[in-house]
1. Please pick out the residue among Glu16, Glu24, Glu63 that is open to solvent by less than 70 Å² (accessible area, probe 1.4 Å) and in a loop (DSSP other than H, G, I, E, B).
2. Within the stretch 56-111, track down each residue that is over 24 Å from Asn46 (Cα atoms) and of a type in the set (Val, Ile, Thr).
3. If Val83 meets every condition in (1) surrounded by fewer than 13 Cβ atoms within 10 Å (Cβ to Cβ); (2) closer than 18 Å to Met11 by Cβ; (3) not hydroxyl-bearing (Ser, Thr, Tyr) apart from one, which number is that one?
4. Any idea how many residues of the stretch 27-52 are assigned to a helix (DSSP H, G or I) and touching a Ser or Thr at 6+ places or on another chain (Cβ under 6 Å)?
5. So which of Lys78, Lys33 is surrounded by 13 or more Cβ atoms within 10 Å (Cβ to Cβ), out of contact with any Lys or Arg (no Cβ under 7 Å at 6 or more places or on another chain) and over 26 Å from Met176 (Cβ atoms)?
6. Any residue at all in the stretch 96-106 that is β-branched (Val, Ile, Thr) and open to solvent by 40 Å² or more (accessible area, probe 1.4 Å)?
7. Just to be sure, is Lys70 open to solvent by 10 Å² or more (accessible area, probe 1.4 Å) and assigned to a helix (DSSP H, G or I)?
8. Taking the stretch 76-93, which residues are in contact with a strand residue (DSSP E or B) (Cβ under 9 Å, 6 or more places away or on another chain) and either part of a helix (DSSP H, G or I) or closer than 21 Å to Leu23 by Cβ (or both)?
Amino acid sequence: MNSSIKDAITMRALIEVDNLYALEENRSDGKIKLNVIGGFALMLNNIRKDMTEYTDIDYVGGELPENLQKIIKNVGIKHGLDVNWINNDALLEGSSLEDLEITTGKLNFAPTKVELNCFEVHSLCNQDLIRLKMMAIDTTYMTLEAGETFTRMKDFSDVKLLMEQLNIDIPALKKMTSDYVLEPVVYDIVDMYNKTGEVVIESVVN
């Protein structure tokens with residue numbers, strides 16, 4: 001585990017949960033795999049470097065044991081985190097990773113250097129992270145027609161950082177993600193953000 005990730009409040013909380021769950025008499029046999037996506041995966045992959053920034057731990061997998069969920073809730077309250085700070089909200093109730101991949105394409109996870117007693121933490125690879133980020137921007141963009149507010153501003157900086165890490169430009173980004181993006185204009189918005197640091201939607205749409 002790189003030293004900086006230990007400074008993240010979510011990691012400190014996860015380590016505390018791990019230590020407490022290790023003391024439980026009725027805990028799961030073997031380690032629980034956390035296939036992590038979202039902001040925490042970006043931190044684990046050293047894409048987001050500001051470890052003072054809060055992010056949930058979004059994972060793809062089944063429900064966690066009830067006694068573990070209780071520990072997670074209590075540790076979250078102690079640290080002032082969201083109640084749902086470890087969650088599998090990416091999955092619909094009763095669905096699986098395979099069900100999710102029908103929409104997202106194949107998701108590839110790799111082991112991390114996070115060493116815990118009860119958890120085995122795997123992180124989504126950068127190529128798949130950028131695809132999910134573009135899908136999130138695209139989906140939110142399409143809600144504008146219904147009068148919704150654009151709420152995915154953070155995704156633009158994440159896409160920019162991922163593009164720099166992957167050493168790709170907008171044409172390469174299109175090639176990687178166009179099968180999953182319905183509104184081509186979002187590439188123009190991303191390109192404008194990369195050049196100016198601003199998310200300017202109206203000027204692109206008009």
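The values are calculated or read from the model by the stated rules, or taken from the named source; none is laboratory data. Keep in mind that this is a model prediction, so the values were computed, not measured. FYI the Cβ positions are ideal-geometry reconstructions off the backbone, even for glycines, and counts take in every protein chain you see. When the accessible area is computed, the model is the full protein with side chains, heavy atoms only, and any ligands, DNA or RNA have been set aside. Shrake-Rupley method; radii C 1.70, N 1.55, O 1.52, S 1.80 Å.
1. Details: Glu16 fails: in a loop (DSSP other than H, G, I, E, B); Glu63 fails: open to solvent by less than 70 Å² (accessible area, probe 1.4 Å).
Going through Glu16, Glu24, Glu63 in turn, just one is open to solvent by less than 70 Å² (accessible area, probe 1.4 Å) and in a loop (DSSP other than H, G, I, E, B): Glu24.
2. Ile71, Ile72, Val75, Ile77, Val83, Ile102, Thr103
3. Evaluating Val83 over (1) surrounded by fewer than 13 Cβ atoms within 10 Å (Cβ to Cβ); (2) closer than 18 Å to Met11 by Cβ; (3) not hydroxyl-bearing (Ser, Thr, Tyr) leaves (2) as the failure.
4. The initial filter retains those residues of the stretch 27-52 that are assigned to a helix (DSSP H, G or I), namely 38-44.
The next check asks that each one be touching a Ser or Thr at 6+ places or on another chain (Cβ under 6 Å); those that pass are 39-41, 44.
Residues that pass the stated criteria total 4.
5. Details: Lys78 fails: surrounded by 13 or more Cβ atoms within 10 Å (Cβ to Cβ).
Matching residue, one of Lys78, Lys33: Lys33.
6. Checking the stretch 96-106: at least one residue is β-branched (Val, Ile, Thr) and open to solvent by 40 Å² or more (accessible area, probe 1.4 Å).
7. Answer is yes for this residue.
8. Listed by number, the residues that qualify are Gly76, Trp85, Ile86.
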